[in-house]
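S.K.: Take a look at this one; I'll ask things after.
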Amino acid sequence: MEPEPDVAIIGGGPAGLAAANRAAELGLDVNLFEKQYEIGSPVKTSGGSYISDMRKFKIPSKYYNPIRKGIFGTLNNHVEFNYRTDTLCILDTRSVYQYLALRAAEKGCNVHIGTNVREILLDKNKAVVGVKANKANKEIRLASKIVIDCSGFASISARKLGLLLAKNARFGSGVEYEAYVEKIDKRTIMLFVGTDIAPTGYVWVFPLSDNKARIGIGVTRPDSKVSPLLLLDKLISDRPGIFGDMGKISPVELHSGVIPIEPAPSRVTMDGLIIVGDAAGQANPIVGEGIRPAIKFGNLAAEVSSYAIEKGDVGIRSLQRYEKEAKRAANYNSIALKLQRRMAGYSDKDWQRAIAILKNLSEKDFLNLLRADFSKSNMFRMFTKVPSLLLKWDRLQA
Ligand SMILES: Cc1cc2nc3c(=O)[nH]c(=O)nc-3n(C[C@H](O)[C@H](O)[C@H](O)COP(=O)(O)OP(=O)(O)OC[C@H]3O[C@@H](n4cnc5c(N)ncnc54)[C@H](O)[C@@H]3O)c2cc1C
């Protein structure tokens with residue numbers, strides 16, 4: 001009889017690829033299923049992230065554009081944050097994901113592209129024991145000791161097992177052009193808010209290299225019903241504010257995607273199952289930043305799987321470390337979720353007040369806000385600079 005493979009991973013986004021790499025590195029027998037025909041394509045993300053994290057994850061620097069300056073505000077009032085060193089980065093996500101897939105394959109992972117996982121297989125005790133997938137018209141059944149669900153917004157296991165708390169009632173919907181841009185500083189990212197350009201969301205300009213940038217708009221559903229693509233086209237044809245100084249803008253690719261902005265599922269582990277990344281609601285909802293948590297928790301899922309498999313018990317108790325860490329992150333995210341909900345309803349006057357507050361904060365404070373890092377020491381530093389924030393913070397936590 002064939003030995004049972006160790007791990008089946010659903011989804012070849014950053015969560016699944018990180019899990020596959022780490023699991024293969026730990027000597028596990030890994031199968032990864034991706035329904036698209038190409039890893040990293042179509043692009044569904046803008047790739048904004050942080051250099052320190054990418055270094056920690058061993059992503060080669062040739063796959064990202066380093067950023068030193070951030071601009072945040074409305075079209076007529078903004079604040080600038082200048083960093084002494086390259087701090088943020090814009091990932092060439094297609095290359096990063098392909099790189100991770102190639103490294104995983106090199107370490108022994110079987111990558112199955114064009115393979116759609118249709119079902120999570122359960123035994124009579126409702127423990128997860130494998131997956132059923134389709135490639136073309138052929139059905140594949142794969143038993144595995146652990147299934148790691150990294151299926152993104154689709155979140156197939158959480159949906160099937162009834163773990164979603166909110167059935168994705170609220171989500172971010174974004175579109176962006178990757179474009180030739182005649183005049184752009186490749187070391188500066190820009191984020192703009194305001195009911196005129198991005199009601200309930202924001203506009204981003206993320207440079208990838210000289211004369212190449214991703215310009216996009218995200219809105220929150222169902223708070224807003226407007227089409228982000230129509231807003232984006234209007235922005236590029238009207239060229240309000242700073243967009244008027246960019247010279248020719250000529251799109252070469254259109255990307256779109258959705259991201260959950262709801263509380264995490266009630267559990268992210270079950271007997272034989274770990275849920276990771278967007279499928280587990282792990283993205284930071286303030287700016288919809290999910291690549292960093294997806295990789296972090298993908299790595300952790302692999303380590304916890306390796307521990308459980310070695311122990312010979314893949315039950316929920318052996319997966320506790322993952323559940324605990326994910327809960328801690330979800331608690332942080334729950335504050336960010338409340339903040340996101342408030343910001344989605346901001347009027348232009350509210351934004352002017354928020355920008356006035358941001359003008360009192362340091363580069364580091366702004367970074368911590370972007371990362372939704374609400375640790376006590378960070379918050380204390382901010383309250384001493386802007387005491388009125390304390391009241392807002394208390395209201396947010398109520
Ligand atoms: C417009 C937009 C812009 C964004 N910008 C940023 C940003 O700048 N920075 C940032 O950090 N994050 C950003 N995000 C969020 C980020 O893209 C996600 O949080 C991140 O991709 C989550 O990774 P994941 O691996 O969990 O899911 P995904 O990246 O969604 O990957 C899931 C994978 O699973 C596959 N899949 C799904 N169902 C099945 C199935 N049944 N069988 C097989 N395969 C399946 C999908 O095809 C996909 O490849 C953005 C999101 C959007 C929508």
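Laboratory data are not the source of any read-out in this text; all were calculated from the coordinates shown. Since we're looking at a predicted model, the values are computed, not measured. Glycine gets a Cβ as well: all are built from the backbone with ideal geometry, and neighbour counts include every protein chain shown.
S.K.: Could you run the Karplus curve 6.51 cos²θ - 1.76 cosθ + 1.60 with θ = phi - 60° over the range 101-107 and give me ³J(HN,Hα) per residue in whole Hz, x for Gly and Pro?
M.R.: Values per residue, Gly and Pro as x: 5, 5, 5, 5, 4, 4, 8 Hz.
S.K.: So for the range 1-108, what are the equivalent ellipsoid semi-axes in whole Å, largest first, each being the square root of 5 times an eigenvalue of the Cα gyration tensor?
M.R.: So the three semi-axes of the range 1-108 are 35, 15, 10 Å.
S.K.: Here is a follow-up. Pairing the Cα long axis of helix 388-397 with the longest principal axis of the chain, what angle in degrees results, from 0 to 90 and rounded to the nearest 10?
M.R.: 30
S.K.: Would you kindly derive the ³J(HN,Hα) couplings of the range 254-259 from the backbone phi angles with the Karplus curve 6.51 cos²θ - 1.76 cosθ + 1.60 (θ = phi - 60°), listing them in order in whole Hz, with x for Gly and Pro?
M.R.: Computed from phi, the couplings for the range 254-259 are 10, 10, 8, x, 10, 9 Hz.
S.K.: What is the Cα centroid distance between the range 294-310 and the range 92-140, reported in whole angstrom?
M.R.: 16
S.K.: Relative contact order for the chain: what is it in percent, counting Cα pairs under 8 Å that are at least 6 residues apart?
M.R.: Relative contact order, the chain: 20 percent.
S.K.: At a 10 angstrom cut-off on C-beta neighbours, averaged per residue, how do the peptides 66-77, 195-206 rank from highest to lowest?
M.R.: On the way: 66-77: 17.8, 195-206: 21.4.
Top of the packing list down: 195-206, 66-77.
S.K.: What percent do you get for the relative contact order of the range 57-119 when only Cα pairs under 8 Å and 6+ apart count?
M.R.: So the answer I get is 29 percent.
S.K.: Sticking with this one: Normalised by the residues of the range 1-103, what does the relative contact order come to in percent, with Cα pairs under 8 Å and at least six apart?
M.R.: 30
S.K.: For the range 146-299, with only Lys/Arg (+1) and Asp/Glu (-1) charged at the beta-carbon, what is the dipole magnitude about the Cα centre, in debye rounded to 20? Don't jump to the answer; show the numbers that get you there.
M.R.: Working: 17 positive and 16 negative charges, 55 e Å.
Charge dipole, the range 146-299, about its Cα centre: 260 debye, nearest 20.
S.K.: What is the angle, in °, between the Cα long axis of helix 348-358 and the longest principal axis of the Cα atoms in the chain? Nearest 10 is fine, range 0 to 90.
M.R.: Helix 348-358 and the main axis of the chain meet at about 80 degrees.
S.K.: Would you count, across the range 275-398, every pair of lysines whose alpha carbons are under 18 angstrom apart, provided the pair is eight or more residues apart or spans two chains?
M.R.: Taking the range 275-398 as the scope, the lysine pair count is 14.
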